[in-house]
Amino acid sequence: MESAFPTAARLGLHVPLYSSLLLNALFLVHHFLSAPPAPSPLLSKANNGGGGGGALSWALRAAREAESVAKAGCSGHGRVFLDGIVGEDGRPGCECNTCFEGPDCSARTPDCTVDADRGDPMFLEPYWMRHAEASAVVVSGWHRMSYRATDGLFQSVELKRCIRRLHRAVGNAVADDKQIVFATGSMQLINALVYALSPDSNSGSTANVVATTPYYPAYRTQIVLFDSREYKWAGNTSMWAKASGNSTTKEDVIEFVTSPNNPDALLHQPVVVGSSAILDHAYFWPHFTHIPAPSDADVMLFTTSKLSGHASSRFGWALIRDEKVAKRVNDYIMQNTMGVSRDTQLRMLAIFKTILANLHGKEDIFAFGHDVMRTKWRKLSAVVSRSRRISLQNIPPQYCTYFDKIRDPSPAYAWVKCEREEDSDCSDVLLKAKIITRSGVWNDASSRYTRISLIKSQDDFDLLLERITEFVDAELTAAGSNSM
Ligand SMILES: Cc1ncc(COP(=O)(O)O)c(C=O)c1O
């Protein structure tokens with residue numbers, strides 16, 4: 001039988017081997033646990049801060065501070081942020097979710113009006129709390145102080161690589177043959193792209209910018225705001241899709257196509273043949289929609305606001321086939337903001353890496369997001385199906401190439417229609433039921449429609465469901481008493 005302890009003879013034989021293994025192990029431990037070389041002894045001394053953590057020096061205080069605020073529970077109905085308002089105890093306090101209050105957010109605000117208006121993507125916050133370690137970033141005081149980033153201008157080459165990898169892995173867009181241009185949210189790209197696709201200012205012609213109703217209102221509001229000699233807002237596509245024989249050629253039309261659409265979640269294609277189309281794919285990710293095939297349009301728009309939920313970081317990007325168009329967009333961004341914050345790019349790199357590392361695994365962000373959004377849609381649909389006063393858009397289950405199966409609908413927004421003749425202002429009808437929504441008038445649609453945001457926090461959704469249930473119950477009670 002083999003002894004559990006090596007004999008002296010064996011030990012003697014293996015001493016050089018063991019000591020070499022031990023030395024290697026010590027070397028590796030030292031390599032991974034020791035702090036990176038400080039930029040200068042002076043800096044290292046000044047920033048040591050007495051951390052005494054052995055491995056870490058200047059990052060320790062910031063890390064402790066970040067973890068200490070993250071620990072605050074706020075009863076599960078709020079958050080403490082590092083930059084929150086400092087209270088009497090010298091520490092930032094809880095910021096409560098809507099309809100919750102008190103120092104620890106444990107009290108429900110009586111008779112509260114629910115806010116289902118904004119497209120605030122807080123539904124992904126629990127995912128990032130689960131992935132706190134992988135997504136955390138330490139930003140040193142001297143991190144990229146220059147205007148310039150790794151491409152010699154203002155874009156991180158590594159981040160661009162991650163974006164291409166993600167499109168390839170998700171299969172939602174062909175990115176490899178396109179230029180990538182970063183922007184401060186995709187919001188900045190709306191006017192930048194219209195500028196880049198418009199005729200030269202010397203040509204004397206003016207581009208007509210159009211979209212199909214119901215459309216995302218920022219296309220109209222931005223183009224009206226920046227109205228110029230080269231382009232103007234020209235309203236709904238219906239006029240241009242039909243128009244023939246008028247003085248405007250289709251080449252003078254720039255068409256915004258939102259797919260899936262905000263507000264009604266339908267997938268769309270350009271309708272004005274020959275126009276320059278801008279495919280806004282803010283929601284073309286598997287947590288919101290099925291992916292039938294990769295999009296390969298000449299100009300496509302994306303944003304982390306709806307991909308990962310980091311709306312606050314203000315990061316969007318365009319995929320552009322034509323180099324000249326990409327250059328004009330770059331010129332615009334250069335003139336406008338000199339690129340995207342390098343701090344944001346660093347944070348986004350960690351976010352993309354975390355997403356990529358978990359694709360198709362049990363912590364896949366799209367599986368998580370789809371599950372949350374599908375559950376919300378199911379619950380809302382079940383309540384609304386009992387009503388004859390309001391209805392929702394119809395979205396069938398569809399085959400998704402990413403999940404490789406038929407997936408249930410999980411739209412970002414509910415597009416609500418008020419069915420009764422007298423309910424011509426649907427957002428007002430719901431406001432009376434203590435639900436704030438966004439009237440269809442914003443989308444150039446009828447006021448008979450209104451948008452309910454489903455991408456906010458779970459608290460927001462639970463309260464919304466409560467109010468909608470009360471609204472439908474009241475309708476059924478009234479209908480019951482009328483029929484007696
Ligand atoms: C269709 C669409 N495009 C663009 C945006 C702008 O996104 P961001 O500026 O946050 O990147 C939004 C935001 O709601 C949107 O719904």
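Key figures
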{"item": "Residue exposure sequence - CYS112, CYS418 - by fewest surrounding Cβ within 10 Å", "result": "CYS112, CYS418"}
{"item": "In range of the label at MET334: residues from segment 163-186 whose backbone nitrogen is under 18 Å from the point 7 Å along Cα→Cβ", "result": "179-184"}
{"item": "Modelled FRET efficiency - R0 22 Å, ASP111 with THR477, Cβ distances, 0.05 increments", "result": "0.70"}
{"item": "Those Cys residues of the chain for which no other cysteine Cβ falls under 4.7 Å", "result": "CYS162, CYS400"}
{"item": "Segment 400-484: GluC sites (Glu not before Pro) falling in loop per DSSP and having at most 15 other Cβ within 10 Å", "result": "GLU419, GLU421, GLU422"}
{"item": "Per principal axis, descending, Cα span of the chain in whole Å", "result": "95, 70, 59"}
{"item": "Within the chain, helix-based [θ] at 222 nm, where runs of 4 or more DSSP H residues each add -39,500 (n - 2.57), nearest 500", "result": "-12000 deg cm²/dmol"}
{"item": "Whole-number percent relative contact order across segment 56-108, with pairs defined as alpha carbons under 8 Å at least 6 apart", "result": "28"}
{"item": "Three-way shape call for segment 309-377 based on the alpha-carbon gyration tensor, with the a/c threshold at 1.5", "result": "prolate"}
{"item": "10 Å Cβ shell holding at most 16 others, DSSP loop, chymotrypsin sites (Phe, Trp or Tyr not before Pro): longest site-free stretch of the chain", "result": "227-402"}
{"item": "Proximal lysines to LYS379, defined as alpha-carbon separation beneath 28 angstrom and excluding residues fewer than eight positions away on the same chain", "result": "LYS306, LYS362, LYS405, LYS417, LYS432, LYS434, LYS456"}
{"item": "Extension reserve of the GLU95-GLU158 stretch, reckoned as 0.36 nm per residue once the Cα distance is removed", "result": "19.2 nm"}
{"item": "Ranked list, fewest to most other Cβ atoms within 10 Å of each Cβ, for THR184, THR477, THR150", "result": "THR477, THR150, THR184"}
{"item": "Of the trypsin sites (Lys or Arg not before Pro) in segment 171-234, those whose Cβ has at most 15 other Cβ within 10 Å and which sit in DSSP loop", "result": "ARG229"}
{"item": "Ranked CYS162, CYS96, criterion: other C-beta atoms within 10 Å, fewest first", "result": "CYS162, CYS96"}
{"item": "Average Cα contact separation per residue, segment 365-482, under 8 Å, 6 or more apart, as relative contact order %", "result": "25"}
{"item": "DSSP bridge pairs, the chain: antiparallel proportion in percent, nearest 5", "result": "60"}
{"item": "Under the Karplus curve 6.51 cos²θ - 1.76 cosθ + 1.60, θ = phi - 60°, whole-Hz ³J(HN,Hα) for segment 400-407, x wherever Gly or Pro sits", "result": "10, 5, 5, 7, 6, 6, 6, 10"}
{"item": "Largest-first ellipsoid semi-axes for segment 157-358, taking √(5λ) over the Cα gyration tensor eigenvalues, angstrom", "result": "28, 19, 14"}
{"item": "Pairwise FRET efficiency - ASP296 versus ASP408, Cβ, R0 = 30 Å, nearest 0.05", "result": "0.65"}
{"item": "Cα gyration tensor shape of segment 365-482, rounded if a/c is under 1.5, else prolate or oblate by comparing a/b with b/c", "result": "prolate"}
{"item": "Mean separation of Cα contacts under 8 Å (6+ apart) over length of the chain, as relative contact order %", "result": "17"}
{"item": "Pairwise FRET efficiency - HIS143 versus ARG420, Cβ, R0 = 60 Å, nearest 0.05", "result": "0.55"}
{"item": "Trypsin sites (Lys or Arg not before Pro) within segment 131-164, DSSP loop, no more than 14 other Cβ atoms inside 10 Å", "result": "ARG148"}
{"item": "Potential extension, PHE81-LEU356 segment - 0.36 nm per residue separation minus Cα distance", "result": "96.3 nm"}
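Rule-based calculations on the coordinates, nothing more; no lab input. On a predicted model such as this, the values are computed, not experimentally measured, just so you know. Cβ sites come from the backbone with ideal geometry, for glycine too, and all protein chains shown count toward neighbours.
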